[in-house]
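Notes follow the structure.
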Amino acid sequence: MQFDFLALYEALPALLVGALATLRITALSIAVGLVIGLGAGLARVWPNSFLRSISSAYIELIRGTPLLVQIFLVYFGLPALGLNLDPFVAGVLAMGINSGAYVGEIVRGGIESIAQGQMEAALSLGMSWWQSMYYVVLPQALFRILPSLGNEFIALLKDSSLVSTIAIAELTRTGQIIITRTFKSFEIWVGVALFYFIMTYAISRAVRYSEKRMRYSE
Amino acid sequence: MSDWVIKVSNLNKYFGSNHVLRDINFQVKFGEVVSIIGASGSGKSTLLRCLNGLEPIQSGEIVVDGVKINGEKVDLSRIRQSIGMIFQSFNLFPHMSVLDNVILAPHRVKKIPRREAEEIALELLGKVGLAEKAHSYPYQLSGGQKQRVAIARALAMNPKVMMFDEPTSALDPETVNDVLDVMKELAKEGMTMIVVTHEMGFAREVSQRVMHIDEGRILEEGTPEEIFYHPRNPRTRAFLSKVINI
């Protein structure tokens, strides 16, 4: 079999546009996921047991169902409730809600990994639970979970290929479209894989860099 | 206003079905230094943790500075501001400089402006002999230095009473005295102190009163003279003969 470099070369500009769309949808999903995940993680360790069980239920439900099904539920299901979403918004929402559950577990793990004595020392100084969490426990926890968060971001970027199913022209979808025109599936999928790898590699380098910059000894 | 800063009545504490503190009754006067001695696992640290609400109690009453601290609708944060707590394992905040460790609570809780809080912090760090370490991080300090920073951090809230939970047990022998010296200085200045300790020398020299806790009970209580030289209870006698080698 021949590898048609020219076909790949000619597809690069279109794939780049697709990659940028993937980057955009992933970045927004990460932002939504971080906000939800921080809340869910804090709720899991909050003294209030009602919030704790809500957060647990959310995390279990999301982790127990496929992202693809969640995407379909948001995109095709919500209109049944009278809420019509643009595919892009539906994609970001579904991925953000999905990521929030995983980030929530990571945040909870990070908080629980910080020695109990830190919270006790902060409380003993007269700080409230919230102040102790915010100024003492959380900064240490966030630092500690940075590598796990990086892994989650990378997983999310790759999983964003699933929103190609709701007609968002991100990287995977762009590849599919080019292939229907050129029939060069091998070359184009190689190109698609290459773009995914460049983006995930960049994220992993960025996380490692920020880890180094934030380093302190314990 | 009474002259008691802490009054404990009929305190009982359980961990599950384990009865760890039994009918504890005692009072601590303003300016008094009380040492609590006893074998490991006797309940002394737990008692201290009950006094600032880190551990809930199952029955009895704890009054600190005229405020009952157990029960419903108690603002524990407010009460804890007047109780400095020193832990065996220091518990400095590793992600902050020494100076930030000391100013965090005064700045965030008492809303003292940062600049003013820094002045107070530097003065207190000077007092514990560590002014030049203000911009170091905890990992750069020895155990004894960490514990002295912890003392400065607690003092920054201007507490009415200082509680020490085996403050020198985790230290290298050569740094123990630096910490004890700071504590002696505090005692001399009239700070009310409750010290859970295995340092019998300190208990004998510095405290006005010594309590021996055994299996969750205050077995014997008295002046250092009474406890160390004329213990009445045979179990106190047995404990002391094990820990004091003269």
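Derivation of every value follows stated rules applied to the coordinates shown; laboratory data play no part. Model, not experiment: these values are computed from the prediction. Because the Cβ atoms are built from the backbone with ideal geometry, glycine has one as well, and the counts that use them run over all protein chains shown.
Sort segment B:124-246 into rounded, prolate or oblate with this rule: let a ≥ b ≥ c be the square roots of the eigenvalues of the Cα gyration tensor; rounded if a/c is under 1.5, and if a/c is not under 1.5, prolate when a/b is larger than b/c, oblate otherwise.
prolate
What are the principal axis extents of the Cα atoms in segment B:163-228, in Å, biggest first?
31, 26, 20 Å, listed from the longest principal axis down.
Please work out how much length the chain gains when fully extended from residue B:111 to residue B:3, using 0.36 nm per residue of separation minus the C-alpha to C-alpha distance, in nm with one decimal.
Result: 36.0 nm gained on full extension.
When a/c is below 1.5 the answer is rounded, else prolate if a/b is larger than b/c, else oblate, so apply that to segment B:5-102 with a ≥ b ≥ c taken from the square roots of the Cα gyration tensor eigenvalues.
prolate
Please report the relative contact order for segment A:5-217, taking Cα pairs under 8 Å with a sequence separation of at least 6, and give it as a percent rounded to a whole number.
Computed value for segment A:5-217: 32 percent relative contact order.
Return the inverse of the average 1/r over all pairs of distinct C-alpha atoms in segment A:97-136, which is the Kirkwood hydrodynamic radius, in Å to one decimal.
After inverting the mean inverse Cα-Cα distance, the result is 11.1 Å.
Could you give the length gained by full extension between residue B:243 and residue B:29, i.e. 0.36 nm per residue of separation minus their alpha carbon distance, to one decimal place?
Result: 74.3 nm gained on full extension.
Could you work out [θ]222 nm for chain B from helices alone, using -39500 (n - 2.57) per DSSP H run of at least four and dividing by all its residues? Round to the nearest 500 deg cm²/dmol.
Calculated from helices alone, the mean residue ellipticity at 222 nm is -10000 deg cm²/dmol.
Which distance in Å, rounded to a whole number, links the C-alpha centroids of segment A:118-159 and segment B:20-40?
36
Given points 7 Å out from each Cα along the Cα-Cβ axis, report the residue B:75 to residue A:155 separation in nanometres with one decimal.
4.4
Expressed as a fraction of 2.2 N^0.38 Å, the rule-of-thumb size for a compact globular protein of N residues, what is the C-alpha radius of gyration of chain B?
Relative to the 2.2 N^0.38 Å estimate, chain B comes out at 1.01.
Taking Rh as the Kirkwood radius computed over C-alpha pairs, what is the Stokes-Einstein D of segment B:71-130 at 20 °C in a medium of viscosity 1.002 mPa s, expressed in µm² per second?
Once the numbers are plugged in, D ends up at 165 µm²/s.
Could you give the dipole magnitude of the protein assembly as shown about its Cα centre, charging the beta-carbon of Lys and Arg +1 and that of Asp and Glu -1, in debye to the nearest 20?
500
Find the all-direction average of the projected area of the Cα convex hull for the protein assembly as shown, expressing the result in square nanometres with one decimal place.
Convex hull of Cα atoms, orientation-averaged projection: 30.5 nm².
Once you compute Rg and the Kirkwood Rh from C-alpha atoms, what is the Rg to Rh ratio for segment A:110-218?
1.24
Is the shape of segment A:5-217 rounded, prolate or oblate, going by the alpha carbon gyration tensor and its root eigenvalues a ≥ b ≥ c, with a/c under 1.5 for rounded and a/b larger than b/c for prolate?
Oblate.
If you keep only loop residues by DSSP, which GluC sites (Glu not before Pro) in segment B:1-109 have at most 15 other Cβ atoms within 10 Å of their Cβ?
Of the GluC sites (Glu not before Pro), the ones in loops of segment B:1-109 whose Cβ has at most 15 other Cβ atoms within 10 Å are B:72.
Taking the alpha-carbon distance from residue B:160 and a cut-off under 23 Å, which lysines remain once sequence neighbours fewer than 8 residues away in the same chain are dropped?
Filter leaves B:7, B:29, B:44, B:68, B:73, B:110, B:111, B:127, B:146, B:184, B:188.
Pick out, from B:222, B:103, B:239, the residue whose Cα sits farthest towards the positive end of the charge dipole of chain B, with +1 on the Cβ of Lys and Arg and -1 on the Cβ of Asp and Glu.
Highest projection toward the positive end goes to B:103.
As an exercise, use a Förster radius of 25 Å and the Cβ-Cβ distance of residue B:140 and residue A:210 to find the FRET efficiency, rounded to the nearest 0.05.
The pair residue B:140/residue A:210 has a calculated efficiency of 0.65.
Would you work out the charge dipole size for segment A:1-152 about its Cα centre, treating the Cβ of every Lys and Arg as +1 and the Cβ of every Asp and Glu as -1, and quote it to the nearest 20 debye?
The calculated dipole for segment A:1-152 is roughly 360 debye.
Give the calculated FRET efficiency between residue B:132 and residue A:17 to the nearest 0.05, with a Förster radius of 41 Å applied to their Cβ-Cβ distance.
0.10
If contacts are Cα pairs under 8 angstrom and at least 6 residues apart, what is the relative contact order of chain B in percent?
Computed over chain B, the figure is 26 percent.
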